Amino acid sequence: MAGRDPRALFPPDLARLKVVEQQLNALLIEVRTLIAEARRDQRLAATEHRAVPEVEWRIQYGIGAVRRPVMVHTGDCSMGMARSRPASREQAVQALTQGVEACAICRADSGLGVLEA
């Protein structure tokens, strides 16, 4: 397009120039909407990347003032969500070796390699 007169792209009369203006305004609105959606998607993607780290093990605690450990669960066990906290592998193994029960559903003891004889 170098060397061409940009006016040659448009009609010469006012009525048709107004139509082109309306079309360009509509296109600009659409482009701005797409930009806003792309920014939103970018923010959502960035938020997903900062998701909470996956929990491999959970220790469930009892009710009361003492709140002793009562059960060891795998991190994705649906039974282990109430009154539980994330635990490291070492903490989960230690709890099992100290007599804390393993969940019968998720079998955390099997996953940790700590099975009763």
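The values are calculated or read from the model by the stated rules, or taken from the named source; none is laboratory data. Fair warning: this is a prediction, and the values are worked out from it, not measured in the lab. For neighbour counting, all protein chains shown are included, and Cβ atoms are generated from backbone atoms with ideal geometry for every residue, glycine included. What goes into the accessible areas is simple: the full protein's heavy atoms, side chains included, and nothing from ligands, DNA or RNA. Shrake-Rupley method; radii C 1.70, N 1.55, O 1.52, S 1.80 Å.
Data table
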read-out	value
Failed item, numbered, when A65 is tested on (1) surrounded by 10 or more Cβ atoms within 10 Å (Cβ to Cβ); (2) in a loop (DSSP other than H, G, I, E, B)	(1)
Test: R89 is of a type in the set (D, E, K, R), farther than 22 Å from I63 by Cβ and in contact with a helix residue (DSSP H, G or I) (Cβ under 8 Å, 6 or more places away or on another chain)	yes
Check on A82, farther than 22 Å from D109 by Cβ, out of contact with any helix residue (DSSP H, G or I) (no Cβ under 9 Å at 6 or more places or on another chain) and surrounded by fewer than 10 Cβ atoms within 10 Å (Cβ to Cβ)	no
Within the stretch 53-67, tally of residues that are more than 18 Å from D109 (Cβ to Cβ) and within 20 Å of the chain's Cα centre (by Cα)	2
The one condition in (1) within 30 Å of S88 (Cβ to Cβ); (2) open to solvent by 80 Å² or more (accessible area, probe 1.4 Å); (3) aromatic (F, W, Y) that F10 fails to fulfil	(1)
Selection within the stretch 85-116 - open to solvent by 30 Å² or more (accessible area, probe 1.4 Å), in contact with an Asp or Glu (Cβ under 7 Å, 6 or more places away or on another chain) and assigned to a helix (DSSP H, G or I)	R89
When residues of the stretch 13-39 are limited to those that are among the charged types (D, E, K, R) and open to solvent by 100 Å² or more (accessible area, probe 1.4 Å), the one nearest to the chain's Cα centre (by Cα)	R39
